[in-house]
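The values are calculated or read from the model by the stated rules, or taken from the named source; none is laboratory data. The shown structure was predicted, so the numbers you read here are calculated from the model rather than taken from an experiment. A quick note on method: Cβ atoms are made from the backbone with ideal geometry, for glycine too, and the neighbour counts reach across all protein chains shown.
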């Protein structure tokens with residue numbers, strides 16, 4: 001009787017995924033461009049220069065709006081019951097604040113545990 005663990009099964013190699021899409025609408029205008037995203041290639045007509053200029057302007061406006069949002073510091077953390085939130089005390093960097101179930105306490109960390117001092 002043959003031991004099943006001594007048998008080896010070889011799987012056939014998977015073919016590399018790829019796809020190509022050719023966009024055509026009526027007669028061709030100008031040159032054709034090719035855009036590749038990973039294993040997918042899309043062919044289509046080249047955009048006209050005015051369209052490119054407009055898209056660059058729209059992208060710059062969007063990046064300007066995004067920059068204004070990213071400049072705001074902080075992270076929003078939703079509060080949950082019985083889950084403490086910690087932050088450094090604004091007046092003393094050696095102390096911590098803990099908010100637990102609506103109660104805020106000041107303390108320090110001793111041996112990895114929060115100890116209330118005030």
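Quick notes
- Look at the range 71-84: where a residue is not assigned by TED's automatic domain parsing to the domain that holds residue 98 and in a loop (DSSP other than H, G, I, E, B), no partner that is at pLDDT 90 or above and loosely packed, with under 10 Cβ neighbours inside 10 Å sits 6+ places away or on another chain with Cβ atoms under 7 Å.
- Matching residues, the range 31-69, being surrounded by 10 or more Cβ atoms within 10 Å (Cβ to Cβ) and part of a loop (DSSP other than H, G, I, E, B): 39, 46, 47, 48
- In the range 91-115, the residues that are touching a residue at least 24 places away in the same chain (Cβ under 8 Å) reach residues that are surrounded by 10 or more Cβ atoms within 10 Å (Cβ to Cβ) with C-beta atoms within less than 8 angstrom, at least six apart or across chains, in these pairs: 114/84; 114/86; 114/96; 114/98; 114/107; 114/108.
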